[in-house]
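Here's the structure, in structure tokens; my notes come after.
The values are calculated or read from the model by the stated rules, or taken from the named source; none is laboratory data. Quick caveat: nothing in here was measured; it's all calculated off a predicted structure. So basically every Cβ, Gly included, is an ideal-geometry build from the backbone, and we count neighbours across all protein chains shown.
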Amino acid sequence: MGGTSYLMTHNPKDFEVVFRNEGVWPHRPGSDTLRYHRKTHRKDFFQGVEGALPTQGKTWSDFRSAVNPILMQPKNVRLYYKKMSQVNQEFVQRIKALRDIDTQEAPDDFLNVINRWTLESVSVVALDKQLGLLKESGDNDQAVLLFKYLDDFFELTADLEMKPSIWRYVKTPKLMKLMKSLDGVQEITSAYVDEAIERLEKEAKEGVVRPESEQSVLEKLLKIDKKVATVMAMDMLPYTSSTFTAALLCLAKNPEKQAVLREEVMKVLPEKDSEFTEASMKNVPYLRACIKESQRIYPLFISNGRFLNRDSVLSGYQVPAGTCVSMVPLSLLSSEEHFPKAAEFLPERWIRNATDSNGQCPANDLKLKNPFVFLPFGFGPRMCVGKRIVDMELELGIARLFRNFSIEFNHPTENALRSSLINLPNSVFLAARQLESTCFVL
């Protein structure tokens, strides 16, 4: 019904062929509804500045060229250690306040709290502001609305782009509901950006001048263009709690791995409320390995897609330029051919010169043999622009949680994720106790 036709492949050798020949302006399918919103529905607002997600060609390249030097620079991410630490401290306090006093069980809707943590963490960078979503009084009307709009975005976009729909020809009720949600994201984000501009202008009048090394990501984007800053903030907000929840689940089900992680975390956070530093966070290889292994077991994306830039041979077939290829790695991520002991959660496979849980098998023997099988943030020029921010959010959040709690999971793990536009966590039940008592039970 007007959607893109895909050639699907599960062959990692094909993945390499497609990615190696994607050109300087890779053409990625998807985001049709977002493109419609920015190019047609609210053309008056976006005026050609449509962001990195829905655009192609030179339009995409110009936008990425503007934001890459800011978002992909490690030094710009380091500014947020203290602010992100504050968010994580509030998260810990929120868990303690929500637990049942007798069972230590967190409420049934604890996934909602994780989602609030995710949005609060990203907002610190995208909007240069804490929204207050983790405080007991965290019912800021605008922030809660933004939260709802982003939730609707994932559900409605999946329905309209992944299932049969006539929205490309008729403005269906579901399309208009999505447009309303995207209008809401745009309006609220614009208001927060305007608030940041007012704050910066006030500081300038008062003679407050911060060196460039201390200027926020939003402040640096505003120097480029207000529209670019606003649209980039909008594109950064829809990050999900899927990878975070997956990491908690994997570590909860593997207490021996959790113990190794906690030992490492206690070295960089001697006290529960110790601050993160750039130096200390360089020394957490096991934490990073745990995150990567959980991304293997519970991948966020179902596939990567590209339009072929030139005629190519895939799995022995001649495929013409312009064909849309969907590269599906799901079966490969759990394959013994690519990941020995694939059914096991083994962070050691991502650590150089480590051994497995029995101390018998060199971790190098467990490692991935083909690098194109595991690409959680994509590949090449269209790799996720927010990768560094997401990495920091996950590392600091997981480190803080395991420094304060031990985590268990006492429920079935089947269908932990549900398929939508991306893989999203199903509702899970969490219960928590402080480390000194017993545990934070997932």
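Kindly evaluate residue 257 against the criterion of being part of a helix (DSSP H, G or I), of a type in the set (D, E, K, R), modelled with pLDDT of 90 or more and surrounded by 20 or more Cβ atoms within 10 Å (Cβ to Cβ).
Working: part of a helix (DSSP H, G or I): yes; of a type in the set (D, E, K, R): yes; modelled with pLDDT of 90 or more: yes; surrounded by 20 or more Cβ atoms within 10 Å (Cβ to Cβ): yes.
So residue 257 passes the test.
Restricting the search to the range 14-27, which residues are assigned to a loop (DSSP other than H, G, I, E, B) and surrounded by fewer than 19 Cβ atoms within 10 Å (Cβ to Cβ)?
The answer is 21, 23, 24, 25, 27.
Yes or no: the range 386-395 includes at least one residue that is modelled with pLDDT of 75 or more, outside any helix (DSSP H, G or I) and over 24 Å from residue 301 (Cβ atoms). Full working, then the answer.
The initial filter retains those residues of the range 386-395 that are modelled with pLDDT of 75 or more, namely 386-395.
Filter again for outside any helix (DSSP H, G or I), leaving 386.
Add one more test, that the residue is over 24 Å from residue 301 (Cβ atoms), and what stays is none.
Within the range 386-395, not a single residue is modelled with pLDDT of 75 or more, outside any helix (DSSP H, G or I) and over 24 Å from residue 301 (Cβ atoms).
Quick check on my filter: what residues within the range 268-292 are assigned to a helix (DSSP H, G or I), of a type in the set (Lys, Arg) and in contact (Cβ under 8 Å) with a residue 40 or more places away in the chain? Reasoning before the result, please.
Let us first name the residues in the range 268-292 that are assigned to a helix (DSSP H, G or I), namely 268, 280-282, 285-292.
In the following step, the residues that additionally are of a type in the set (Lys, Arg) were identified as 282, 288, 292.
Within the range 268-292, 288, 292 qualify.
For the range 430-441, check the following and say yes or no: at least one residue is surrounded by 17 or more Cβ atoms within 10 Å (Cβ to Cβ), β-branched (Val, Ile, Thr) and either modelled with pLDDT of 75 or more or not in a loop (DSSP other than H, G, I, E, B) (or both). Can you show your working first?
If we filter the range 430-441 for residues that are surrounded by 17 or more Cβ atoms within 10 Å (Cβ to Cβ), which is where we start, we get 430-434, 439-441.
Then keep just the ones that are β-branched (Val, Ile, Thr); that gives 441.
Retained after the next criterion (residues that are either modelled with pLDDT of 75 or more or not in a loop (DSSP other than H, G, I, E, B) (or both)): 441.
Among the residues of the range 430-441, at least one is surrounded by 17 or more Cβ atoms within 10 Å (Cβ to Cβ), β-branched (Val, Ile, Thr) and either modelled with pLDDT of 75 or more or not in a loop (DSSP other than H, G, I, E, B) (or both), which makes the answer yes.
Against the condition among the basic types (Lys, Arg) and under 30 Å from residue 195 (Cβ atoms), how does residue 253 come out, does it pass? Please lay out each step first, then the result.
Numbers: among the basic types (Lys, Arg): yes; under 30 Å from residue 195 (Cβ atoms): no.
So residue 253 fails the test.
What's the number of the condition residue 174 fails, among (1) touching an Asp or Glu at 6+ places or on another chain (Cβ under 9 Å); (2) within 19 Å of residue 34 (Cβ to Cβ); (3) loosely packed, with under 15 Cβ neighbours inside 10 Å?
Residue 174 satisfies all of (1) touching an Asp or Glu at 6+ places or on another chain (Cβ under 9 Å); (2) within 19 Å of residue 34 (Cβ to Cβ); (3) loosely packed, with under 15 Cβ neighbours inside 10 Å except (3).
Could you grab me the full set of residues in the range 220-262 that are of a type in the set (S, T, N, Q) and more than 16 Å from residue 71 (Cα to Cα)? So that I can check it myself, show each step before the final result.
Just the residues of the range 220-262 that are of a type in the set (S, T, N, Q), to begin with: 230, 240-243, 245, 254, 258.
Selection gives 240, 241, 242, 243, 245, 254, 258.
Tell me yes or no: at least one residue of the range 118-132 is of a type in the set (A, V, I, L, M, F, W, C), more than 25 Å from residue 197 (Cβ to Cβ) and more than 16 Å from the chain's Cα centre (by Cα). Working first, answer last.
Taking the range 118-132 first, the residues of a type in the set (A, V, I, L, M, F, W, C) are 119, 122, 124-127, 131.
Of the ones still in play, those that are also more than 25 Å from residue 197 (Cβ to Cβ) are none.
Checking the range 118-132: not a single residue is of a type in the set (A, V, I, L, M, F, W, C), more than 25 Å from residue 197 (Cβ to Cβ) and more than 16 Å from the chain's Cα centre (by Cα).
Exactly one condition in (1) over 27 Å from residue 79 (Cβ atoms); (2) touching a helix residue (DSSP H, G or I) at 6+ places or on another chain (Cβ under 7 Å); (3) not small (Gly, Ala, Ser) is not met by residue 304; state its number.
Single failed check for residue 304: (2).
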